[in-house]
Amino acid sequence: MERIEVASERGAYRVLVGEQILPELPHLLEEARAGRGWPVVTDATVGPLWGATAAARLGSDPPLELPAGEPAKRWPQVERICRWLLRRGAGRGAFLVGVGGGVVTDMTGFAAAIFLRGISWAAVPTTLLAMVDASVGGKTGINLDEGKNLIGAFWPPSLVVADVDTLSTLPLRELRAGLAEAIKTAWIGDRSLLELIPDAVRGYSKGRAERWIALVAGSVRVKARVVREDEREAGARQALNLGHTVAHALEAATGYERFLHGEAVAWGLRAAVRLARSRGVLSAGAGRRLLDAVACLEPLPPVHDLDAGTVLAHLAVDKKRDAGGIAWVLPTDEGVVLRQRIEPAEILEVLGDLQRHG
Ligand code: NAD
Ligand code: GLY
């Protein structure tokens, strides 16, 4: 089992990555001095697969099952978690456990942040995306009609337990979407992880659990380094938004129905390579390396039929916008460069190129 320490202003916490470590959950929580009782929140898909067993092992009541998927990541479900906790007599000492993908861990963390003004929680991520990204770093929150993750809090978990065995039930499309975030993270901080991608796209296999542990733990190490430097995204953490400006616009322009988030990030990485090349901040060889990694994720949902003007309009309401416009993150040979200002005409040109050539 790999153990990675993540520094936080609320106190350091551990991310544990291993194979078949879920049975150890009670022991791991006790080791983290994580109170007792451990109410479990999961979703309707993960519940029967992993959540109910986890709750039973913890000696907890059956878990609260939220509807599965991004549309559920809304205020009513957070209120539901809080009222469920109240009905169970939970007080300030309660310790919540979220078992699921990023939607469950973001909402469980947010409920923990606001219930009785803040209780402790643990994340048990069951998607690759949640293991390498969402469960680490303390961002929690929900969506509004106006956009994704517009309400939330920095409220880190006390423990993260990533059991790669849970990836055995994850649909291949979801797994590959998670790989897009792993590619992003590898580019930022550990290029050796890119070598694991061509094999990983074939899917999870128990015989190769060690490679999955290496990919997840390696990605978490990079994210932990970034978060240690800048937990509240005042500077260095913006690097993790590589590929996300175009990704969010593609998702919004298609009503969040065409792309899984990671698939949109894959297109966003392609756009970022083109912008970086045209700005002269990325060599042809390095750009090819990043594009080759993204190509492993094909087939991706298409972008050729989208209206570039609509995508551009969604870019204009990006969360990372300030008075000076959007602060873009672009890849460089060594890592990334932050706060790049890019004119709409240049973006339109890149979107058109992306639509014509992929
Ligand atoms: P998700 O939680 O919706 O999970 C994807 C689907 O897979 C769901 O239908 C879920 O029920 C199912 N699933 C989960 N685990 C499974 C398993 N082991 N077997 C079978 N099915 C399983 O989506 P996600 O991709 O995990 O997370 C996306 C969310 O994460 C977004 O809301 C995004 O904003 C958030 N996110 C947060 C951060 C952060 O720093 N907090 C970072 C990245 C993404
Ligand atoms: N996923 C981006 C971040 O955690 O900052």
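The values are calculated or read from the model by the stated rules, or taken from the named source; none is laboratory data. Nothing here was measured: the structure is a model prediction, and the numbers come from that model. Backbone-built Cβ (ideal geometry, glycine too); neighbour counts: all protein chains shown. Only protein heavy atoms, including side chains, enter the accessible area calculation; ligands, DNA and RNA are left aside. Shrake-Rupley method; radii C 1.70, N 1.55, O 1.52, S 1.80 Å.
Need one number: % antiparallel among DSSP beta bridges in the chain, to the nearest 5. Don't skip to the answer; put the middle values down first.
On the way: 15 of 33 bridges.
The antiparallel fraction comes to roughly 45 percent.
So for the chain, Kirkwood radius off the Cα pairs, Stokes-Einstein at 4 °C and 1.567 mPa s: how many µm² s⁻¹?
Rounded, D is 63 µm²/s.
What is the range 183-285's relative contact order, in percent, from Cα pairs under 8 angstrom and six or more apart in sequence?
Relative contact order comes out at 21 percent.
Taking 7 Å along the Cα-to-C-beta vector as the label spot, tell me the Ala44-Arg74 distance in nanometres, rounded to one decimal.
Using points 7 Å along Cα→Cβ, the separation is 1.4 nm.
With all protein chains present, how much of the accessible area of the chain (probe radius 1.4 Å) comes from carbon and sulfur, to the nearest whole percent? Present the calculation step by step, with values, prior to reporting the outcome.
Numbers: 7310 of 14530 Å².
Result for the chain: 50 percent of the exposed heavy-atom area is carbon or sulfur.
At 1.4 Å probe radius, can you tell me the per residue accessible area of the range 210-358 in Å²?
Result: 43 Å² per residue.
I need the calculated FRET efficiency for the pair Arg36 and Glu5, taking r as the beta carbon distance and R₀ as 22 Å, to the nearest 0.05.
Efficiency, rounded to the nearest 0.05: 0.35.
Counting only residues 5 or more places away or on other chains, whose amide H sits under 5 Å from the amide H of Ser120 once H atoms are built in the peptide plane?
Answer set, sorted by chain and number: Leu96.
Quick one: compute the contact order of the chain, relative version, from alpha carbon pairs under 8 angstrom and 6+ residues apart, as a percent.
On the way: 671 pairs, mean separation 52.1, N = 358.
Value for the chain: 15 percent.
What FRET efficiency, computed as 1/(1 + (r/R0)^6) with R0 = 45 Å and r the Cβ-Cβ distance, is obtained for Ile151 and Ser283, rounded to the nearest 0.05?
Computed FRET efficiency for Ile151 and Ser283: 0.65.
Just reorder Arg202, Arg208 by solvent-accessible area, largest first, 1.4 Å probe, all chains present.
Working: Arg202 170, Arg208 100 Å².
From most exposed to least exposed: Arg202, Arg208.
Quick one: among Gly243, Gly335, Gly100, which has the greatest mean-square fluctuation in a GNM of the chain with alpha-carbon springs under 10 angstrom?
Top of the fluctuation ranking is Gly335.
Per residue of the chain, what 222 nm ellipticity follows from adding -39500 (n - 2.57) for every DSSP H run with n ≥ 4, rounded to the nearest 500?
Mean residue ellipticity, 222 nm, calculated: -12500 deg cm²/dmol.
How about the range 1-56: which trypsin sites (Lys or Arg not before Pro) there are in a DSSP loop, with at most 11 other Cβ atoms within 10 Å of their Cβ?
Filter output for the range 1-56: Arg33.
Can you give the FRET efficiency for His27 and Glu210, using 1/(1 + (r/R0)^6), R0 = 25 Å, r = Cβ-Cβ distance, to the nearest 0.05?
Values: r = 22 Å, r/R0 = 0.89.
Computed FRET efficiency for His27 and Glu210: 0.65.
Only four residue types carry charge here, +1 at the Cβ of Lys and Arg and -1 at the Cβ of Asp and Glu. Report the dipole size of the range 172-268 about the Cα centre in Debye, rounded to the nearest 20.
Values: 15 positive and 13 negative charges, 59 e Å.
Dipole magnitude for the range 172-268 comes out near 280 debye.
Once you put a point 7 Å from the Cα of Glu229 and another 7 Å from the Cα of Leu116, both along the Cβ direction, what distance in nm separates them?
3.9 nm
Starting from the Cα-Cα distance between Glu195 and Leu172, subtract it from 0.36 nm times their residue separation and give me the gain in nm to one decimal.
Result: 6.4 nm gained on full extension.
If you count the DSSP beta bridges with both ends in the range 61-179, what percent of them are antiparallel, to the nearest 5?
40 percent
If one computes the Cα centroid of the range 1-59 and of the range 83-113, what distance in Å separates the two points?
Measuring centre to centre over Cα atoms gives 13 Å.
Could you size up the charge dipole of the range 91-196 around its Cα centre, putting +1 on the beta carbon of Lys and Arg and -1 on that of Asp and Glu, and report it in debye to the nearest 20?
Working: 8 positive and 10 negative charges, 50 e Å.
For this selection, approximately 240 debye.
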